[in-house]
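Step one of this worksheet: look at the structure below.
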Amino acid sequence: MKIPTDWTFRNAGVAAGFDRHVREQLPWYDMATGAVAHIARHFVPDGGLVYDIGASTGNIGRTIAPMLKARKATLIAIESAPEMIARYVGPGTVVIGDATTFDFQPFDVAILFLTMMFVKIPDRKPFILKLQKLMNDGGAIIIVDKVHPPSGWLGTVFRRLTLAGKVATRSDPGDIVAKELSLSGVQRPLSDLVLPPPPYTREFFRFGEFVGWVLTKDSNSLSGC
């Protein structure tokens, strides 16, 4: 896949090579996908509604498809890039548009898998608050995203951990650098200050500069009761 000078998902070449490319760049991608699916199945009731926000080519939808079918649950996949939607393979209804202005209905689970880092910074907190208000009792918002590494030496270690993971997949070093530079001004890490504090937000995954959280409406949702 040719890396564009300025990264965009609205590129037919990017869409065509996305599924392979993302696994080369993020070696933990499939493991995190599986973790998200595992968590989601604990919060989706019979006849429930799930949103996949920033659906790309349908990775999340394909992974949770058996659970959706068994529970007769509905999936709505939202993606802003028509080029990615043209490659979408998965269940549910696909909507092309900006998720921050989308008219959401009350839902049981919303999944944002590597999505928030591409949302404009001023829109992030209002968007999360909007989703929280529409989440049904007993539901969850599942987020996996890039964050700012810690300061000092540990931050260097975390950044190198991410690079080491990419190199381990035998990605071309030139492509790794080109991708990093292409993301300049396009991808901005998510601050955890945008998210509600514990016990409403709990971390379930961390690899270098990437973190996964589960947001719930009340603390009892994760208490095992």
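Please verify whether THR33 is within 22 Å of ALA168 (Cβ to Cβ), hydroxyl-bearing (Ser, Thr, Tyr), buried (at least 16 other Cβ atoms within 10 Å of the Cβ) and touching a residue at least 40 places away in the same chain (Cβ under 8 Å), treating the condition exactly as stated.
So THR33 fits the description; yes.
Can you tell which of LYS166, LYS179 is of a type outside the set (A, V, I, L, M), part of a helix (DSSP H, G or I), crowded, with 17+ Cβ neighbours inside 10 Å and modelled with pLDDT of 90 or more?
Going through LYS166, LYS179 in turn, just one is of a type outside the set (A, V, I, L, M), part of a helix (DSSP H, G or I), crowded, with 17+ Cβ neighbours inside 10 Å and modelled with pLDDT of 90 or more: LYS179.
Would you mind telling me which numbered condition in (1) exposed (fewer than 13 other Cβ atoms within 10 Å of the Cβ); (2) not in a loop (DSSP other than H, G, I, E, B) PRO198 fails?
Of everything listed in (1) exposed (fewer than 13 other Cβ atoms within 10 Å of the Cβ); (2) not in a loop (DSSP other than H, G, I, E, B), PRO198 misses just condition (2).
This table checks each residue for (1) modelled with pLDDT of 95 or more; (2) among the aromatic types (Phe, Trp, Tyr); (3) out of contact with any strand residue (DSSP E or B) (no Cβ under 8 Å at 6 or more places or on another chain); (4) not in a loop (DSSP other than H, G, I, E, B).
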site	(1), (2), (3), (4)
THR33	yes, no, no, yes
PRO45	yes, no, no, no
SER56	yes, no, no, no
GLU83	yes, no, yes, yes
TYR88	yes, yes, no, no
PRO91	yes, no, no, no
GLN105	yes, no, no, no
VAL109	yes, no, no, yes
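For the stretch 188-210, which residues satisfy the criterion of being at pLDDT 90 or above, farther than 21 Å from LEU129 by Cα and of a type outside the set (A, V, I, L, M, F, W, C)?
Passing the criteria: ARG206, GLU209.
If you check GLU203 against the conditions, is it acidic (Asp, Glu), more than 21 Å from ASN59 (Cα to Cα), touching a strand residue (DSSP E or B) at 6+ places or on another chain (Cβ under 8 Å) and not in a loop (DSSP other than H, G, I, E, B)?
Yes.
The values are calculated or read from the model by the stated rules, or taken from the named source; none is laboratory data. If you're wondering where the values come from, they're calculated on a predicted model, not measured in any experiment. Virtual Cβ from ideal backbone geometry, glycine too; neighbours counted across all protein chains shown.
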